[in-house]
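Reading through the structure tokens given below for one structure.
The values are calculated or read from the model by the stated rules, or taken from the named source; none is laboratory data. Since the model is a prediction, treat every value here as computed from it, not as a measurement. Positions of Cβ are generated from backbone atoms using ideal geometry, with glycine treated the same way; all protein chains shown enter the neighbour counts. Calculation scope for accessible area: heavy atoms of the full protein, side chains included, ligands and nucleic acids excluded. Shrake-Rupley method; radii C 1.70, N 1.55, O 1.52, S 1.80 Å.
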Amino acid sequence: DYSEFNVVTSGTACAPITFSAKPGVNITSENGQTNLDGINIEDTENGNVIAYVIVEGFTVNGMARAGIRCAVSSHVTIRKNKMDQNQVWGILTGFAEDVVIEDNECSRSVEQHGIYVGNSADRPIIRKNLIWGNSDNGIHMNGDVSLGGDGVISNALVEANIIYDNGTGGGSGINCDGVQDSRIQNNLIYNTHASGISLYMIDGGEPAKNNIVVNNTILVASNGRWALNI
């Protein structure tokens with residue numbers, strides 16, 4: 001069992017920096033140096049964009065905020081991690097361009113979402129994740145213009161995720177606020193207690209538009225709302 005760690009140095013496209021956990025490595029406590037997240041990828045001291053970092057194979061449980069947080073970054077990959085019973089989010093990103101979030105398990109976030117991709121960050125890839133039992137959204141994408149930028153997430157790919165038993169606190173299996181020119185395909189959403197897939201504008205700088213939603217399977221629980229909400 002280990003305390004949190006911070007990633008503040010960039011790799012390159014040819015030589016990314018990889019943090020790869022050996023089997024049995026658990027992040028179980030914060031050390032108070034970040035925002036109470038288990039793994040934090042951001043140069044908070046100098047404000048530089050962190051690029052070409054891979055974080056894989058960690059178990060991060062019971063953090064006071066997010067299991068893994070990635071902000072002000074480019075080409076970061078978060079894969080094959082397990083996050084359970086974190087207080088707010090499993091994975092949180094903000095202004096993370098070209099982020100790849102794949103093959104993770106995000107479960108039982110107490111207050112909000114399994115995966116939250118936020119702010120004006122384009123071309124996120126969210127695929128093959130297992131997301132279950134979170135209070136609100138399974139996956140939430142939010143352009144959130146109030147924090148700067150154009151408030152639009154564009155050219156996202158959300159595919160082949162299994163998302164179930166989320167939404168007792170509201171939201172959707174896949175929630176898209178200000179998401180444009182994106183593809184949502186081949187996802188399985190079941191026993192959702194709110195909506196299945198939602199495309200709209202509340203916090204985004206513009207409406208959700210020009211998206212393709214295809215080949216998804218959505219089963220709504222008896223206390224849920226709409227399979228598709230546009």
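Scan segment 189-207 for residues that are farther than 17 Å from GLY133 by Cα, open to solvent by 30 Å² or more (accessible area, probe 1.4 Å) and in a loop (DSSP other than H, G, I, E, B) and the total you get is 6. Taking the criterion of being open to solvent by 10 Å² or more (accessible area, probe 1.4 Å), in a loop (DSSP other than H, G, I, E, B) and either more than 20 Å from ILE125 (Cβ to Cβ) or among the charged types (D, E, K, R) (or both), the residues of segment 149-172 that qualify are ASP150, ASP165, THR168, GLY169, GLY170, GLY171.
For segment 214-230, give me each residue that is outside any loop (DSSP other than H, G, I, E, B) and closer than 18 Å to ILE115 by Cβ. Selection gives ILE218 alone. Only residues that are open to solvent by 30 Å² or more (accessible area, probe 1.4 Å), in a loop (DSSP other than H, G, I, E, B) and farther than 24 Å from SER107 by Cα were counted across segment 33-58, and they come to 7.
For segment 81-103, filtering for residues that are more than 10 Å from the chain's Cα centre (by Cα) and either modelled with pLDDT under 95 or among the polar types (S, T, N, Q) (or both) leaves 4.
Would you confirm whether any residue within segment 17-25 is under 23 Å from PHE95 (Cα atoms) and either at pLDDT below 90 or among the basic types (Lys, Arg) (or both)?
No; the residues of segment 17-25 include none that is under 23 Å from PHE95 (Cα atoms) and either at pLDDT below 90 or among the basic types (Lys, Arg) (or both).
Scanning segment 106-134 for residues that are modelled with pLDDT of 95 or more and small (Gly, Ala, Ser) yields SER107, SER109, GLY114, GLY118, GLY133.
The set of residues in segment 103-112 that are open to solvent by 10 Å² or more (accessible area, probe 1.4 Å) and part of a loop (DSSP other than H, G, I, E, B) comprises ASP103, ARG108, VAL110, GLU111, GLN112. For ALA227, are the conditions met, namely being farther than 23 Å from LEU92 by Cβ and open to solvent by less than 50 Å² (accessible area, probe 1.4 Å)? Yes.
The residue list VAL100, VAL88, VAL145 contains one member that is open to solvent by 10 Å² or more (accessible area, probe 1.4 Å), touching a Gly at 6+ places or on another chain (Cβ under 6 Å) and of a type in the set (A, V, I, L, M), which is VAL145. When restricted to residues that are surrounded by 24 or more Cβ atoms within 10 Å (Cβ to Cβ) and either farther than 15 Å from ILE125 by Cβ or hydroxyl-bearing (Ser, Thr, Tyr) (or both), segment 59-85 contains 9. For segment 1-32, a residue qualifies if it is over 22 Å from the mean Cα position of the chain (by Cα) and farther than 21 Å from ALA121 by Cα, and the qualifying residues are ASP1, TYR2, CYS14, ALA15, LYS22, PRO23, GLY24, ASN31, GLY32.
When ALA13 is tested against (1) at negative phi; (2) in a strand (DSSP E or B), only condition (2) is not met.
Quick check, is ASN137 within 24 Å of PHE19 (Cα to Cα), in contact with a strand residue (DSSP E or B) (Cβ under 6 Å, 6 or more places away or on another chain), at pLDDT 95 or above and part of a loop (DSSP other than H, G, I, E, B)? Answer is no for this residue. Applying the selection to segment 173-187, what residues are open to solvent by 60 Å² or more (accessible area, probe 1.4 Å) and either under 19 Å from ASP144 (Cβ atoms) or of a type outside the set (D, E, K, R) (or both)? Listed by number, the residues that qualify are ASP181, ASN186.
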